[in-house]
1. Which condition breaks for residue 244 when tested against (1) away from ligand 1 (no atom under 12 Å from the Cβ); (2) closer than 21 Å to residue 89 by Cβ?
2. If you check residue 168 against the conditions, is it open to solvent by 20 Å² or more (accessible area, probe 1.4 Å), at negative phi and either away from ligand 2 (no atom under 15 Å from the Cβ) or more than 14 Å from the chain's Cα centre (by Cα) (or both)?
3. Residues that are basic (Lys, Arg) and modelled with pLDDT of 70 or more: which helices (runs of 4 or more DSSP H) entirely in the range 1-113 hold 2 or more of them?
4. When residue 226 is evaluated against the numbered criteria (1) out of contact with any His (no Cβ under 7 Å at 6 or more places or on another chain); (2) open to solvent by 20 Å² or more (accessible area, probe 1.4 Å); (3) of a type outside the set (A, V, I, L, M), which criterion, by number, is the only one it fails?
5. Within 16 Å of ligand 2 (Cβ to nearest atom), of a type outside the set (D, E, K, R) and either touching a residue at least 12 places away in the same chain (Cβ under 8 Å) or farther than 29 Å from residue 254 by Cβ (or both) - does that describe any residue in the range 111-122?
6. Go through 237, 262, 269 for me and flag whichever is open to solvent by 10 Å² or more (accessible area, probe 1.4 Å) and touching a strand residue (DSSP E or B) at 6+ places or on another chain (Cβ under 9 Å).
7. Please indicate, with yes or no, whether at least one residue in the range 197-210 is within 12 Å of ligand 1 (Cβ to nearest atom) and either of a type in the set (A, V, I, L, M) or at pLDDT 95 or above (or both).
8. What are the residues in the range 210-254 that are part of a loop (DSSP other than H, G, I, E, B) and at positive phi, if any?
Amino acid sequence: MSQPISPELREWLVAQLAAGHSVPALRASMRAAGWQDSATDVALAQLEAGFPNVEVALAPARTEMPGPDLEGAPLYIDAGDRRIQVLQTMRHPRVIVFGNLLSGEECEGLIAAARVRLARSLTVETRTGGEVLNVDRTSDGMFFERGENEIVARLEQRLATLLRWPLEYGEGLQILRYAPGAQYRPHYDYFDPHESGTPTILKRGGQRVATLVMYLQEPEQGGATTFPDVGLEVAPVRGTGVFFSYDRPDPVTRTLHGGAPVLAGEKWVATKWLREREFK
Ligand code: PD2
Ligand code: ZN
């Protein structure tokens, strides 16, 4: 996992700011000292803009993070019952596109079990900790309990092995259906530390630290998962999925992402969110 700012640099930045040095002066002296790290640039830009999350951006990153073992740049990873393809990786944001995550039968089984339980998607409102209808998300959705049926249990075990993260730290699988015109506007999946409802949400399992969006049915047109900060668009190909992780609840992770409008056909996805602790 890439660490946006080293502990030494963070300490130095905090000390310089505490001593009253301006952000432009800090930037100039870092440039002069040969710093070209893009994460540092992001942090400094946030400082300059008087960004409210400066303390979070400069806080130490989590070191233990979910993710596959990419040592030796493997093309395939053995996830116990299935050989998963590594199709694409990006460092910052940390994004990995996987192929062969699920079989066609597994995709269809999840859709069939979810279809009869769909309701207009709700999102957790961090202001209150409750759930609300969100105009930014026009899909229909439902949640499975962890281990609720045989396909869900098998998939959860596969993902725990692939992502090297305890099965018990995962939320129940969420299924979403996007009809033509439906979309999910860009957002972060972590809970905003500055919202008043967040402490209540965090009591159950702590922060989200990673997301895996798996494509169960491809639309005919549209419906990519987008990462606007870096201009990345992941095509919603059946059986594949996009994983991304965030080592702090802050935009410095560049994990802003959305679901582009479906232009034709229907898109179905399953989302697995991973928490920092057991999610009971
Ligand atoms: O369906 C998607 O592409 C998508 C995009 C952004 C899903 C989510 N976020 C999510 O489930 O959080
Ligand atoms: Zn999301």
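1. (1)
2. Judged against the criteria, residue 168 is a match.
3. Where helices (runs of 4 or more DSSP H) fall fully within the range 1-113 and carry at least 2 residues being basic (Lys, Arg) and modelled with pLDDT of 70 or more, they are 23-32.
4. Of (1) out of contact with any His (no Cβ under 7 Å at 6 or more places or on another chain); (2) open to solvent by 20 Å² or more (accessible area, probe 1.4 Å); (3) of a type outside the set (A, V, I, L, M), only one is false for residue 226: (1).
5. Of the residues in the range 111-122, the ones within 16 Å of ligand 2 (Cβ to nearest atom) are 121-122.
Then drop every residue that is not of a type outside the set (D, E, K, R), which leaves 121-122.
Narrowing further to those that are either touching a residue at least 12 places away in the same chain (Cβ under 8 Å) or farther than 29 Å from residue 254 by Cβ (or both): 121-122.
Yes, because at least one residue in the range 111-122 is within 16 Å of ligand 2 (Cβ to nearest atom), of a type outside the set (D, E, K, R) and either touching a residue at least 12 places away in the same chain (Cβ under 8 Å) or farther than 29 Å from residue 254 by Cβ (or both).
6. Answer to the check: 237.
7. Narrowing the range 197-210 to residues within 12 Å of ligand 1 (Cβ to nearest atom): 208, 210.
In the following step, the residues that additionally are either of a type in the set (A, V, I, L, M) or at pLDDT 95 or above (or both) were identified as 208, 210.
Yes, some residue in the range 197-210 is within 12 Å of ligand 1 (Cβ to nearest atom) and either of a type in the set (A, V, I, L, M) or at pLDDT 95 or above (or both).
8. 223, 231, 239, 254
The values are calculated or read from the model by the stated rules, or taken from the named source; none is laboratory data. Everything numeric here is computed off the predicted structure, so don't read it as measured data. Please note: Cβ atoms are built from the backbone with ideal geometry, for glycine as well, and neighbour counts cover all protein chains shown. Each accessible area value is taken on the protein alone, full model and side chains, heavy atoms only, with ligands, DNA and RNA left out. Shrake-Rupley method; radii C 1.70, N 1.55, O 1.52, S 1.80 Å.
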